[in-house]
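The values are calculated or read from the model by the stated rules, or taken from the named source; none is laboratory data. These figures come from a predicted structure and were not determined experimentally. Cβ placement follows ideal geometry from the backbone for every residue including glycine, while neighbour counts extend to all protein chains displayed.
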Amino acid sequence: MITSPPLSVEWVGGLDGLVRLIDQTKLPTELVFIECRDTDTIWHAIKRLSVRGAPAIGITAAMGAVLGVRDHADEVRDSLLNRLDTVCDYLATSRPTAVNLFWALDRMRRFARTMVESDVAAIKQGLLDEAKRIRDEDAAMSRAIGAHGQFLIKDGSGVLTHCNAGALATAELGTALAPMYVAHEAGREFRVFADETRPLLQGSRLTAWELSRAGIDVTLLCDGMAAALMREGRIDLVITGADRIAANGDVANKIGTYSVAVIAKAHGVPFYVAAPTSTFDLDTPTGAAIPIEQRDPEEIRRGFGPATAPPDVACYCPAFDVTPAELIRGIITDKGVIEPVSVETVAAAMRSAAN
Ligand code: MRU
């Protein structure tokens, strides 16, 4: 049995139920949950990173869309669909980079419009079922990514990861961490090196927490330490997650990922990205067109309370960067590994995933 954390996002009860989220801002010191009964609570939970990680954001937004329409009193179908659009437009403003957010909301809108013969009550229930399907499909995709990626992790390997692309960031095992969970389950012995991931420390607060809880050997690094470790020959493989993958294979992921890819290239360490098909955005031609979220500079100056910088110092605070496809050895998806990474191989993989 793979020991993964409690569900990061879950619908509890029937249509009159609620969305329960792990409040990831409180980890690793407290495991507490947030109960969301309205769209606004969901929007703020996404914005302040109580729920974060591209797939988990998409699932949460889909469930948030259900919360936004379920109390809509008007019995006219078009009025419900208009309300759904308003709610989805609002949720789409919570964060700009992870494409799973827009993918999930578009899927909810499209789904509602397929229920042409249904009354308002049936559409509401149908939307809840669709949101749960998005969650269940993501869980299955994370298991498939684990199955495809586990063979990259050999006995005795050192594997570096950046940020948190684990169970907390998805419906189940994660993306980058899924191959680690599966390789561990298969009895292989390896060590994970987790970058702490400044400024919000998803690596130390979340990745180190969930891997050590699962009994996986994990060692925490400050972000600037990875190159020295590579030069010592202690890292055989890098696997990170992705927030959006452009048509040419460029990958947006947590700020600092690009630096890891550059040093991996310099040391001949293979750099892999793991992501479900819902993270690919073929409408975005290259990484240059991916919108990068800028966050509050206070997250750098005093991310966790005490000041770590002069109060008024200017800060540069993008939440993500783009790693160009040429630095990526392969992309581990739920359908297999895309290797090499190019416009052609990404297009072919997405075509076969659609069939
Ligand atoms: O700002 P965050 O914590 O939402 O950023 C998360 C990441 O960058 C993850 O690596 C990415 O979403 C993949 S999660 C499976």
- Task: Might you check whether a residue that is in a helix (DSSP H, G or I) and within 25 Å of ASP223 (Cα to Cα) occurs anywhere in the stretch 168-176?
- Result: yes
- Task: Could you give me the residue pairs with C-beta distances under 8 Å whose first residue belongs to the stretch 169-197 and is under 22 Å from SER259 (Cα atoms) and more than 16 Å from the ligand (Cβ to nearest atom), whose second residue is among the hydrophobic types (A, V, I, L, M, F, W, C) and outside any loop (DSSP other than H, G, I, E, B) wherever it lies, and which are 6+ apart or on separate chains?
- Result: ARG191/VAL159; ARG191/VAL218
- Task: Take LYS47 and decide whether it is under 25 Å from LEU200 (Cα atoms), touching a residue at least 12 places away in the same chain (Cβ under 8 Å) and either surrounded by fewer than 17 Cβ atoms within 10 Å (Cβ to Cβ) or assigned by TED's automatic domain parsing to the domain that holds LYS254 (or both).
- Result: yes
- Single residue of GLY256, GLY249, GLY233 found to be at positive phi, surrounded by fewer than 24 Cβ atoms within 10 Å (Cβ to Cβ) and out of contact with any Lys or Arg (no Cβ under 9 Å at 6 or more places or on another chain): GLY233
- How do the pairs read when you match residues in the stretch 20-36 that are crowded, with 17+ Cβ neighbours inside 10 Å with residues anywhere that are at pLDDT below 95, using Cβ under 8 Å and keeping only pairs 6 or more apart or on different chains? ARG20/LEU7; ILE22/PRO5; ILE22/PRO6; ILE22/LEU7
- Query: Restricting the stretch 206-226 to residues that are touching a helix residue (DSSP H, G or I) at 6+ places or on another chain (Cβ under 8 Å) and within 13 Å of the ligand (Cβ to nearest atom), which is farthest from VAL262 (Cα to Cα)?
  - Reply: GLU210
- Single residue of the stretch 105-120 satisfying the filter (assigned to a helix (DSSP H, G or I) and of a type in the set (Val, Ile, Thr)) that is surrounded by the most Cβ atoms within 10 Å (Cβ to Cβ): VAL120
- Message: For the stretch 130-167, which positions are of a type in the set (Lys, Arg), surrounded by fewer than 21 Cβ atoms within 10 Å (Cβ to Cβ) and in a helix (DSSP H, G or I)?
- Response: LYS132, ARG133, ARG143
- Return a yes/no flag: does the stretch 181-188 have any residue that is modelled with pLDDT of 95 or more, closer than 24 Å to ILE338 by Cα and under 19 Å from the mean Cα position of the chain (by Cα). yes
- Task: Would you be able to tell me the number of residues in the stretch 194-237 that are over 19 Å from the mean Cα position of the chain (by Cα), of a type in the set (A, V, I, L, M, F, W, C) and outside any loop (DSSP other than H, G, I, E, B)?
- Result: 10
- Among the residues of the stretch 312-333, is any at pLDDT below 95 and loosely packed, with under 13 Cβ neighbours inside 10 Å? yes
- Do we have any residue at all in the stretch 301-308 that's buried (at least 16 other Cβ atoms within 10 Å of the Cβ) and within 17 Å of the chain's Cα centre (by Cα)? no
- Given (1) under 16 Å from the mean Cα position of the chain (by Cα); (2) not assigned by TED's automatic domain parsing to the domain that holds PRO297, where does THR161 come up short, assuming only one miss? (2)
- May I ask you to verify whether ALA246 is assigned by TED's automatic domain parsing to the domain that holds ASP334 and within 18 Å of CYS163 (Cβ to Cβ)? no
- Unmet criterion (only one of (1) among the β-branched types (Val, Ile, Thr); (2) within 14 Å of ALA61 (Cα to Cα); (3) in contact (Cβ under 8 Å) with a residue 24 or more places away in the chain) for VAL120: (2)
